[in-house]
Amino acid sequence: MPAKELVCNKCGCTFPISHIYSCRECGGILRVVYDNEKLNIDEGSGNNILSRYSDFLPIDTETLVSLGEGNTPLTQAPRLAKWLGIKELFIKNEGCNPTGSFKDRPISMGISKAKDFGFDTAVIASSGNAGASVGAYAAKAGLKSIVMVPEGTPLPKILQTLSYGAKIIIVKGNFSFCFDLAKKAAENLKWANLATTFLNPFTVEGNKTIAYEIIDGMGRRVPDVIALPLGAGPLLAGIWWGFKDFYKLGYIKKLPRIIGVQAQACAPIAKAFVESNRVQPWRKTYKTAASGIADSMDGYSAEGDLVIDIVKESRGFITTVTESEIKESVHALAQLEGIYAEPSGAVTTKAIQKMTTQGWIKSSDCVISVVTGNGLKDSIADDKQSQSIPTIESYDDLVSLINKPKYGINR
Ligand SMILES: *Cc1c(COP(=O)(O)O)cnc(C)c1O
Ligand SMILES: [Zn+2]
């Protein structure tokens, strides 16, 4: 573990590796710095993210709490590519992680560190996935966990979290309000705060492994575009920092453009990007099927400015999708590629199509879409579709059903 110290990305102050959350001088975001000037990628292939990338992570094998996160499929998606109007599309299917979302990468780091620092309780504010992940990794580590979710969090995510033995609390209010409560509780009650915003400097490090795996999976061929769902931004930032790590060391020769995608119903970072403004908290109430990326950024909007800086540096873009586009995205992924994603995890699909139509993505570009969560955690509610499922009671019923031209099975 060549992690050296923590450095403030605003004032440059450094701190020893310890459980401090933001810069004690200026309140800025802290990042882990490493002593890994020479590339020493472990050639061994084990079943956790440390087996190959330990020089770029703040954990060592003795302290890692792992459920076998990472190593997710990177699959070519030719049928979806055609539908989107591009030549080459790959899907990084993060729904295959142990708890069903990419959050296992940052939470594996965060829980490992919390245990190592001697905490006995972990707390997190979550829109559902990170909470489930904390429940699972805390159980594995033998820690207690407390998960606060906003009202309206999908039930499967809540039940999953409960199953791990976590104490789950539903909070009247949005994600930002939960975040505020968890932060106060962690400070006053001496709990580890597993926040997957930029508050905890260790969690974001886990997201870099998505970039490393893409680089290795593509045989060091760097895609032109990486598209990903955007909530508060650590996923986006982590992937970008991961590409930069390998770029600085000369392992890859170029960097991808990054597209971040938000739900139109709650899009504080996209709005600021398009208007060339600083990020403002999203004050409108919102309702979206993509609850996993609905973050109003209230109280930490400056972190959104960091995300915008990164996207600009990559010559990328931040865009939005509507509720009907989210639904279409879920169905296209499932019906053209057999990938069942939760709404939040699927949003890049229609966004790629729109950006291709607008000429921003060239049809010759190689695009990677990061699908962040499994559909089993949050099915898109489509009452009309499920009410139209036929019920039969005989073979004759079956024959008459499939003979109806409208049924769509051509005989
Ligand atoms: C948390 C989450 C995101 C967004 O991640 P950020 O790091 O907050 O931008 C995207 N998709 C899913 C399924 C998530 O759970
Ligand atoms: Zn500082």
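The values are calculated or read from the model by the stated rules, or taken from the named source; none is laboratory data. Note that the structure is predicted; figures quoted are calculated from it, not measured. Neighbour counts run over all protein chains shown; Cβ positions are idealised from the backbone, glycine included. Remember, those area values only see protein heavy atoms, side chains included, never the ligands or the DNA or RNA. Shrake-Rupley method; radii C 1.70, N 1.55, O 1.52, S 1.80 Å.
Quick notes on this one:
- Options 31, 24; residue that is within 16 Å of ligand 1 (Cβ to nearest atom) and either at pLDDT 95 or above or not hydroxyl-bearing (Ser, Thr, Tyr) (or both): 31
- Residue 392, sole failed condition from (1) touching a Leu at 6+ places or on another chain (Cβ under 6 Å); (2) under 30 Å from residue 99 (Cβ atoms); (3) in a loop (DSSP other than H, G, I, E, B): (2)
- Residues of region 121-147 satisfying the condition of being surrounded by fewer than 24 Cβ atoms within 10 Å (Cβ to Cβ) and touching a strand residue (DSSP E or B) at 6+ places or on another chain (Cβ under 6 Å): 121, 143, 144, 146
- Test: residue 386 is free of Cβ contacts under 8 Å to residues at least 60 places away in the same chain, surrounded by fewer than 18 Cβ atoms within 10 Å (Cβ to Cβ) and part of a helix (DSSP H, G or I): yes
- Residue-level analysis places residue 170 outside the set of residues that are at pLDDT 95 or above, under 29 Å from residue 301 (Cβ atoms), touching a helix residue (DSSP H, G or I) at 6+ places or on another chain (Cβ under 7 Å) and not aromatic (Phe, Trp, Tyr).
- Of the residues making up region 298-317, just one is among the aromatic types (Phe, Trp, Tyr) and modelled with pLDDT under 95, namely 300.
- Checked against the criterion of being of a type in the set (Ser, Thr, Tyr), closer than 30 Å to residue 82 by Cβ and touching a Ser or Thr at 6+ places or on another chain (Cβ under 8 Å), the candidates 369, 364, 296 yield just one match: 369.
- Unique residue being at pLDDT below 95 and more than 16 Å from ligand 1 (Cβ to nearest atom) when the list is 62, 88: 62
- All of 320, 348, 357 fail the test of being surrounded by fewer than 19 Cβ atoms within 10 Å (Cβ to Cβ) and modelled with pLDDT of 95 or more, apart from 357.
- Where residue 295 falls short, out of the listed (1) surrounded by fewer than 24 Cβ atoms within 10 Å (Cβ to Cβ); (2) assigned to a loop (DSSP other than H, G, I, E, B): (1)
- The set of residues in region 1-19 being in a loop (DSSP other than H, G, I, E, B) and either away from ligand 2 (no atom under 16 Å from the Cβ) or in contact (Cβ under 8 Å) with a residue 60 or more places away in the chain (or both) consists of 1, 2, 9, 17, 18, 19.
- Residue satisfying condition, being more than 22 Å from residue 291 (Cβ to Cβ), open to solvent by 60 Å² or more (accessible area, probe 1.4 Å) and not in a loop (DSSP other than H, G, I, E, B), within set 376, 336, 398, 306: 398
- Set 72, 61: member being without any contact (Cβ under 8 Å) to a residue 12 or more places away in the chain and in contact with a helix residue (DSSP H, G or I) (Cβ under 7 Å, 6 or more places away or on another chain): 61
- Taken over region 262-284, the criterion of being among the small types (Gly, Ala, Ser), outside any loop (DSSP other than H, G, I, E, B) and over 17 Å from the mean Cα position of the chain (by Cα) is satisfied by 272 alone.
- From the options 272, 289, residue that is of a type in the set (A, V, I, L, M, F, W, C) and buried (at least 22 other Cβ atoms within 10 Å of the Cβ): 289
- A single member of 274, 321 is of a type in the set (A, V, I, L, M) and touching a helix residue (DSSP H, G or I) at 6+ places or on another chain (Cβ under 6 Å), and it is 321.
- In the set 249, 236, only one residue is at negative phi and either over 16 Å from the mean Cα position of the chain (by Cα) or surrounded by fewer than 23 Cβ atoms within 10 Å (Cβ to Cβ) (or both); that residue is 249.
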